[in-house]
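The values are calculated or read from the model by the stated rules, or taken from the named source; none is laboratory data. Bear in mind that the values here come from a model prediction, so they are computed numbers and not experimental data. Note: ideal-geometry Cβ built from the backbone for every residue, glycine included; neighbour counts use all protein chains shown. With ligands, DNA and RNA removed, areas are computed over all heavy atoms of the protein, side chains included. Shrake-Rupley method; radii C 1.70, N 1.55, O 1.52, S 1.80 Å.
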Amino acid sequence: MKPVLLALNHLSPAHLDQLAGAFPTLELVNQPDLTKWDATIAAVGARVRAVLTLGSSGLSAAHMQAMPGMTLVSALGVGYENIDVAHAHAQGIAVANGAGTNDECVADHAMGLMLASLRGIVRLDRLTRAGVWRTALAIPPHVSHKRLGIVGLGTIGARIAQRALGFEMEVGYHNRRARDGVAYRYFDDLLALATWSDILLVAIPGGAATRHLVNAQVLDALGPNGHLVNIARGSVVDTAALAAAIRAGRIAGAGLDVYESEPLPPAELLDLDAVVLTPHVGGWSPEAVQASIDRFVANLRCHLEGRPLVSPVI
């Protein structure tokens with residue numbers, strides 16, 4: 001029997017065909033239903049050589065132990081926060097991701113959420129369909145010339161900053177340390193960045209280290225005219241604190257592609273017109289998904305041939 005390539009995320013028929021064709025010596029098994037992972041791993045675990053998953057779904061140490069022949073686990077996108085990387089490395093399992101494959105798509109979506117939040121586009125669409133004319137409405141602010149504070153100036157954050165310059169926005173950022181060769185204003189304190197910003201945009205990895213980094217104190221610093229945009233991970237923002245801040249008018253609005261309750265919608269925010277929600281599609285476009293699949297093929301091919309991975313997680 002062939003060794004198994006286990007894909008634990010949804011794949012289109014075309015991408016399933018691509019993977020099967022790229023690795024004819026492996027049996028492709030696709031199980032995107034999280035509730036059926038244990039049964040699938042019990043059935044094929046002894047033959048699994050490589051695993052493809054999502055960063056949000058991850059892969060636990062227990063699952064890895066149930067696949068003793070596995071030598072590679074890869075996240076389809078850039079995030080890998082729920083893959084037990086430390087356990088994988090301790091067991092000699094290589095870890096890869098799709099770094100760089102969907103950066104442009106996420107940056108585009110971030111700008112869309114920013115525009116939708118400040119301009120009230122979703123709410124205005126609904127009101128227009130109900131026959132409400134502009135003279136009955138408050139005037140929404142524009143985006144141009146606003147101060148954009150980016151929490152996490154990595155590759156995606158930098159692409160968002162680049163787009164913001166087209167709106168003649170002033171850009172500041174918060175990282176653990178300042179980036180060399182970057183002209184944007186650096187803040188070593190998140191509260192200081194939030195106080196300075198008109199829009200606070202979250203673009204940092206998820207995980208325990210960043211859980212609820214954006215809390216009530218940060219939202220209060222952002223202020224009653226401020227907007228929050230999150231295209232990173234839902235865990236970074238305290239949802240209850242965000243709901244309370246918007247209800248009390250302590251911030252003006254938010255645009256979220258990610259939230260703590262995924263895949264369920266955030267119940268605390270559903271009745272709030274000031275919140276724009278999308279279902280974690282920031283990194284999804286035909287081009288980005290194809291690039292992610294192509295990257296996985298390249299990583300797995302390198303791994304099977306004993307060459308360095310294209311995008312290893314170290």
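The listed residues are Arg163, Arg179, and the only one of them that is without any contact (Cβ under 8 Å) to a residue 60 or more places away in the chain, surrounded by 13 or more Cβ atoms within 10 Å (Cβ to Cβ), in a loop (DSSP other than H, G, I, E, B) and of a type outside the set (Asp, Glu) turns out to be Arg179. The strands (runs of 3 or more DSSP E) located wholly in the range 1-70 that include 3 or more residues which are on the phi < 0 side of the Ramachandran plot and touching a Ser or Thr at 6+ places or on another chain (Cβ under 8 Å) occupy 48-53. All of Ile293, Ile251, Ile314 fail the test of being among the hydrophobic types (A, V, I, L, M, F, W, C), part of a loop (DSSP other than H, G, I, E, B) and at pLDDT 95 or above, apart from Ile251. Among the residues of the range 45-68, those that are surrounded by 18 or more Cβ atoms within 10 Å (Cβ to Cβ) and of a type in the set (A, V, I, L, M) comprise Val48, Ala50, Val51, Leu52, Leu54, Leu59, Met64, Met67. Of the residues making up the range 93-128, those that are of a type in the set (S, T, N, Q), open to solvent by 40 Å² or more (accessible area, probe 1.4 Å) and closer than 30 Å to His303 by Cα number 0.
The residue that is nearest to Ile204 (Cα to Cα), counting only those in the range 246-267 that are open to solvent by 10 Å² or more (accessible area, probe 1.4 Å) and among the acidic types (Asp, Glu), is Glu260.
Checking each residue in the range 209-245 for being closer than 25 Å to Val281 by Cβ and either assigned to a loop (DSSP other than H, G, I, E, B) or open to solvent by 20 Å² or more (accessible area, probe 1.4 Å) (or both) picks out Thr210, Arg211, His212, Leu213, Gly226, Ile231, Ala232, Arg233, Ser235, Asp238, Ala240.
Would you be able to say whether some residue in the range 182-203 is more than 17 Å from Gly255 (Cβ to Cβ), touching a strand residue (DSSP E or B) at 6+ places or on another chain (Cβ under 6 Å) and assigned to a loop (DSSP other than H, G, I, E, B)? Scanning the range 182-203 turns up at least one residue that is more than 17 Å from Gly255 (Cβ to Cβ), touching a strand residue (DSSP E or B) at 6+ places or on another chain (Cβ under 6 Å) and assigned to a loop (DSSP other than H, G, I, E, B). Of Gly131, Gly154, which residue is closer than 19 Å to Gly234 by Cα, small (Gly, Ala, Ser) and either open to solvent by 30 Å² or more (accessible area, probe 1.4 Å) or free of Cβ contacts under 8 Å to residues at least 60 places away in the same chain (or both)? On inspection, the qualifying residue turns out to be Gly154. Whenever a residue of the range 299-311 is under 13 Å from Thr71 (Cα atoms), its partners that are open to solvent by 70 Å² or more (accessible area, probe 1.4 Å), lying with C-beta atoms within less than 7 angstrom and at least six residues away or across chains, give the pairs Asn299/Val310; Cys302/Pro308; Cys302/Val310. When you check Ala110 against the structure, is it within 16 Å of Ala203 (Cα to Cα), of a type in the set (A, V, I, L, M) and in contact with a helix residue (DSSP H, G or I) (Cβ under 7 Å, 6 or more places away or on another chain), yes or no? It is true that Ala110 is within 16 Å of Ala203 (Cα to Cα), of a type in the set (A, V, I, L, M) and in contact with a helix residue (DSSP H, G or I) (Cβ under 7 Å, 6 or more places away or on another chain).
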